[in-house]
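The values are calculated or read from the model by the stated rules, or taken from the named source; none is laboratory data. Please read these numbers as outputs of a predicted model, since none were measured by experiment. Glycine gets a Cβ as well: all are built from the backbone with ideal geometry, and neighbour counts include every protein chain shown.
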Amino acid sequence: MRNLIIFSFFIILIFIGSCSERNETALDWFKKAETLMDNDPKTAIRYLNEAIKLQPDYAIAYNNRGVAYAKLNQFQRAIEDFNESTRLKPDFVVTYVNRGMAYILMGNKNLGCRDVQKACKMGVCKGLDWAKGNGFCR
């Protein structure tokens with residue numbers, strides 16, 4: 001009987017643990033991903049996929065997933081996410097910086113310079129400064 005009680009308690013704990021994971025919000029997944037961006041971008045992408053699945057209009061999650069793809073040198077996928085982020089939130093200036101840098105790293109200086117210049121006009125010039133300092137933009 002004691003073993004049955006312990007076994008039942010164990011099953012309940014497993015059930016509670018699995019339920020709490022199902023109840024995680026998009027923000028919970030986003031925060032988990034943020035902690036992994038530098039050291040484990042592949043896992044960060046998986047977590048951001050969950051955030052986006054729960055909240056498909058989460059522009060910042062698309063941006064961050066794009067950054068994770070860029071860290072893995074998957075620039076085309078990064079640009080697709082940056083495009084979605086700008087579609088959802090056109091005034092999110094960081095996405096223009098990130099997309100511009102991804103374009104430049106892919107070898108498309110024209111589109112890259114256009115994006116970092118747009119970001120600079122919106123008030124964030126770090127991407128343009130980087131691109132100019134490295135001879136990519138004028």
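How about segment 69-92: which of its residues are within 18 Å of T35 (Cβ to Cβ) and in contact with a Lys or Arg (Cβ under 8 Å, 6 or more places away or on another chain)?
Selection gives Y69, L72.
Scan (1) at pLDDT 95 or above; (2) over 22 Å from G100 (Cβ atoms) for the single condition I12 breaks and write down its number.
Here I12 meets the rest and fails (1).
Against the condition assigned to a helix (DSSP H, G or I), within 11 Å of the chain's Cα centre (by Cα) and surrounded by fewer than 19 Cβ atoms within 10 Å (Cβ to Cβ), how does R87 come out, does it pass?
Against the criterion (assigned to a helix (DSSP H, G or I), within 11 Å of the chain's Cα centre (by Cα) and surrounded by fewer than 19 Cβ atoms within 10 Å (Cβ to Cβ)), R87 does not qualify.
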